[in-house]
Amino acid sequence: MTTTNPNPNTPGPVAIPVTGLGQREHANQLKSSSAPTQPALEAKAIAKSYVIGGQARPVLDGIDFHVDPGECVFLAGPSGSGKTTLLSILGLLLTSDSGQLFLKDRRVDGLNEVERTLVRRQRIGFVFQRFQLINGLTAEDNVAIPLTMDGMPMREARDRAGDLLCRMGLQDHCKALPTSMSPGQCQRVALARAVINEPELILADEPTAALDGKSGKAVMELLHQLTKEFASSTVVVTHDPRIYEYADRICEMENGRFK
Amino acid sequence: MRWNLAYRTLLHDRGKLIAGLVGVIFSVVLVNLQGGLFFGLINKASLLVDRSNADIWIGHRGMHNVDFPHGIPERFRFVVAGVEGVAEVEPIRIGFGEISLPDGRFEDCVIVGVTEGTDLGRAYEVLEGQEDALQYPDGIVVDRCDDAKLVHPEIGEIREINGRRVRVMGKSEGILSFLVSPYVFMSYDQAVELSTEDPQNASYLLVRTENDSDPGQICRQIESLLPDVSAMPAGRYGRVSIHFWMTRAGLGVSFGAAAMLGLLVGLVMVGQTLYAMVLDRISEYATLRAIGLSERELLCILGLQSALVATIGIAIGMVITVILKTSLSTPRVTIEIPLMLYVGCGVLIFAICLFAAGLPYLRVRRIDPHTALQS
Ligand SMILES: Nc1ncnc2c1ncn2[C@@H]1O[C@H](COP(=O)(O)OP(=O)(O)O)[C@@H](O)[C@H]1O
Ligand SMILES: [Mg+2]
């Protein structure tokens, strides 16, 4: 992989001491054409209901939703309004009862479990509210997981993970176990794990809910920077108004619909 | 990566790792020692045959246990001596007797009468007393391991067997009967005198064959000449004697059951440890599934962990087994662990550990990656 950077809007390799992080072609696409672009993610008429106490209760009620390439969309709304459920469906962790889902031009609803796993691995990065790091692995090894899953040798993956962690201000914690790090540091490690593969779509469920205001902002700042750099599209579920400034667009949900 | 994940998460949880290892080690040691005791005991059933220096044993038709002979005419030896390939024939007499103890009590014993001037049937080696103990008119040889039963006979001490005077002239070590009764060696003539059975009969005829001859062929020839006898190569008669105790006394079943129990305990311990480990990490596994680890890769990690626990456990277990074996094995309670037992036990337990990974497998299969988002 080269480190040449054809896009002047993102920092070059000098500013980013991360080697091997290439650019994706849709970054150019975003900047070069203002013609109607194909959305990075498009959901049509998504419906989902849970059976509770023998009764089907609709949680999502015919949702239409899209994210443009490089866009950062926030999903806001009261607790229980279906934000996490929607995010799970977008991330192929959950199947909808009806509706269609496209990742770029690939239709991804109706895939079987093995195919969905592969799509998640190759095209989607996840950030969780409770970080969800592997406790037995060092920060570096946690970040290296997505690379090694794709077959990169451990040593190389570790080097790249270490570089990315340095960039996130965690150079002293590469070999630390998650239990010895603060929540803010953990979430930064989790963020690194989500972006190291340069996925085209990043999904974050309340990434700042478990953090204090300052570390929450730091995490969002990093997320913003990295997604711009890799031209990833982002969906962030949150009801933390302090971070709304990072959104390109905010969609508010209520009772399984957009307001 | 799988390897990294497998062993790191395993090592991260020392407590559970140790619990799993204890299960494996326990199984290995238990099965090996059970098996070793079994082989040690059962091999005594053929000890007399194994050490007799004879190539062929000839006894009454249907002979099935070296300690329970039925007499055959001693003069058959002249027929046997004429068979081609036979280098030497000697009779041996094995029968029950009662030996007097210093305090006036009696102890049952097995009298073994062997002829002089040959080593056929001379299963003992004198370690204490006279090398030529049986040359003395009333000399006998007893075993050190039976000292307690015979109330510590001294060399030169006078005892009575079946009402006749005998003198302890030598002691061997490790010639023990499978029965509880001690072996007492004496000269063939004396054994004939002490016994109430037909003096014309021998218990067995022992044959040494010529070097290049085929014992099986000779046996067939002897049996065709003497229809009332069975003739077997020594190895085979040893196995027949062992088989007698295995089946008649149900020893195989009881020892086998104990060994199975050891395996079962190990299986349960390893299985439940792995299961507990997985339960602890369900949320981590769900996360891995969410970020794209396939079910197969996850199972592969579980399998690796099982294999790792098994390998370490088996290695430690073998070391402990060897230590226990060398420190606990005595001639009376012999622990004999053939290589096959070590290997078989190791392979079996390894397989069982992989099988034990099946329990957490069932749980892992039900992991919903969606739950990673729901904490
Ligand atoms: N696995 C489930 N089984 C039953 N009901 C569920 C399940 N997951 C979520 N729900 C219900 O769906 C609704 C929406 O949940 P969720 O998407 O988590 O909301 P939000 O993330 O906006 O707080 C809630 O009322 C919740 O009780
Ligand atoms: Mg939620």
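The values are calculated or read from the model by the stated rules, or taken from the named source; none is laboratory data. What you see is a predicted model; the values in this text were computed from it and never measured. Please note: Cβ atoms are built from the backbone with ideal geometry, for glycine as well, and neighbour counts cover all protein chains shown. Note: accessible area is taken over every heavy atom of the protein model, side chains too, but ligands, DNA and RNA are not part of it. Shrake-Rupley method; radii C 1.70, N 1.55, O 1.52, S 1.80 Å.
Data for the structure
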| item | result |
| --- | --- |
| Amide H within-cut-off set for B:VAL86, under 5 Å, with H built and near neighbours excluded | B:GLU210 |
| Rounded to whole Hz, the Karplus (6.51, -1.76, 1.60) HN-Hα couplings of segment A:154-159, x for glycine and proline | 3, 5, 5, 4, 5, 4 |
| B:SER283 accessible area, 1.4 Å probe, all protein chains in place, Å² to nearest 10 | 60 |
| In order through segment B:315-322: 3J(HN,Hα) via Karplus (6.51 cos²θ - 1.76 cosθ + 1.60), integer Hz, x for Gly, Pro | 4, 4, x, 5, 4, 4, 4, 4 |
| Antiparallel content of DSSP bridges confined to the protein assembly as shown, in %, to 5 | 65 |
| Where a label projected 7 Å from the Cα of B:GLU157 along Cα→Cβ would reach, residues of segment B:181-195 with amide N under 17 Å | B:182-185 |
| Per-residue [θ]222 nm for chain B (sum of -39500 (n - 2.57) over DSSP H runs n ≥ 4, rounded to 500) | -16000 deg cm²/dmol |
| Delta accessible area of at least 10 Å² on complex formation, residues of segment B:1-48, 1.4 Å probe, chain isolated as reference | B:MET1, B:ASN4, B:LEU5, B:ARG8, B:THR9, B:HIS12 |
| J(HN,Hα) series, segment B:47-52, from Karplus relation 6.51 cos²θ - 1.76 cosθ + 1.60, nearest Hz, glycine and proline x | 4, 4, 5, 4, 9, 7 |
| Environment charge of B:SER213, counting only residues whose C-beta is closer than 15 Å and scoring Lys/Arg +1, Asp/Glu -1 | -4 |
| Taking segment B:62-227 and dividing mean pair separation by its residue count, relative contact order in percent (alpha carbons under 8 Å, at least six apart) | 33 |
| Sequence of B:ILE242, B:ILE222, B:ILE320 from largest to smallest accessible area, 1.4 Å probe | B:ILE320, B:ILE242, B:ILE222 |
| 10 Å binning of all Cα-Cα separations within chain A, expressed as whole percents from 0 upward | 7, 30, 36, 22, 5, 0 |
| Hydrodynamic radius (Kirkwood) for segment A:61-187, which is based on Cα pairs only, to one decimal in Å | 16.9 |
| Reference-scaled alpha-carbon Rg (2.2 N^0.38 Å with N residues) for segment B:1-72 | 2.21 |
| Shape metrics for the protein assembly as shown, restricted to C-alpha atoms - Rg then Dmax, Å | 40.8, 123 |
| Share of pairwise Cα separations in segment A:181-259, more than 16 Å, in percent | 50 |
| Occluded residues from segment A:84-111, i.e. those whose accessible area drops by 20 Å² or more once the chain is not alone (1.4 Å probe) | A:THR84, A:SER88, A:LEU93, A:LEU94 |
| Amide H within-cut-off set for B:HIS60, under 5 Å, with H built and near neighbours excluded | B:HIS70, B:SER230 |
| Segment A:189-208-segment B:206-262 distance, computed between alpha-carbon centres (Å) | 74 |
| Filter on A:LYS83/A:LYS217; A:LYS48/A:LYS83; A:LYS104/A:LYS259; A:LYS83/A:LYS259 - keep pairs with C-alpha separation over 18 Å | A:LYS83/A:LYS217; A:LYS104/A:LYS259 |
| Area accessible to solvent at B:GLU297, 1.4 Å probe radius, in Å² | 20 |
| Ranked order, B:HIS70, B:HIS60 - accessible area, probe 1.4 Å, largest first | B:HIS70, B:HIS60 |
| Accessible area of the protein assembly as shown belonging to carbon and sulfur atoms, whole % at 1.4 Å probe | 55 |
| In the A-B interface, the accessible area buried, summed over both sides, Å² (probe 1.4 Å) | 2400 |
| 15 Å beta-carbon shell around B:ASN65, net charge (K/R +1, D/E -1) | +3 |
| Long-range tail of P(r) for segment B:62-227 (Cα pairs > 27 Å, %) | 27 |
| Average accessible area per residue (Å²) across the protein assembly as shown - probe 1.4 Å, nucleic acids and ligands excluded | 44 |
| Computed accessible area, B:HIS12, all protein chains, 1.4 angstrom probe, square angstrom | 70 |
| Within straight-line cross-link reach of B:LYS325, lysines at Cα separation under 23 Å, skipping those fewer than 8 residues along the same chain | B:LYS44 |
| Principal axis box of chain B, alpha-carbon based, largest edge first, Å | 94, 51, 31 |
| Helix-only mean residue ellipticity at 222 nm for chain A, each DSSP H run of n ≥ 4 adding -39500 (n - 2.57), per residue, nearest 500 | -10000 deg cm²/dmol |
| Compactness relative to 2.2 N^0.38 Å, alpha carbon Rg of segment A:115-189 | 1.08 |
| Heavy-atom SASA rank of B:TRP57, B:TRP3 (probe 1.4 Å, accessible area, largest first) | B:TRP3, B:TRP57 |
| Rounded D (µm²/s) - segment B:28-144, Kirkwood Rh over Cα pairs, Stokes-Einstein at 4 °C, 1.567 mPa s | 76 |
| Residues with amide H under 5 Å from that of B:GLU128, placed H, sequence gap 5 or more | B:LYS171 |
| Per residue, the convex hull volume that the Cα atoms of segment B:301-375 enclose (Å³) | 110 |
| Size of electric dipole in segment B:62-227: Cβ of Lys, Arg +1 and of Asp, Glu -1, about Cα centre, debye, nearest 20 | 320 |
| Cα coordinate range in segment B:152-221, projected on the principal axes (Å, largest first) | 46, 30, 22 |
| Residues A:THR37 and A:ASP61, FRET efficiency given R0 of 30 Å [Cβ-Cβ distance, rounded to 0.05] | 0.60 |
| Calculated on alpha-carbon atoms, Rg and Dmax of segment B:225-326 in Å | 24.4, 83 |
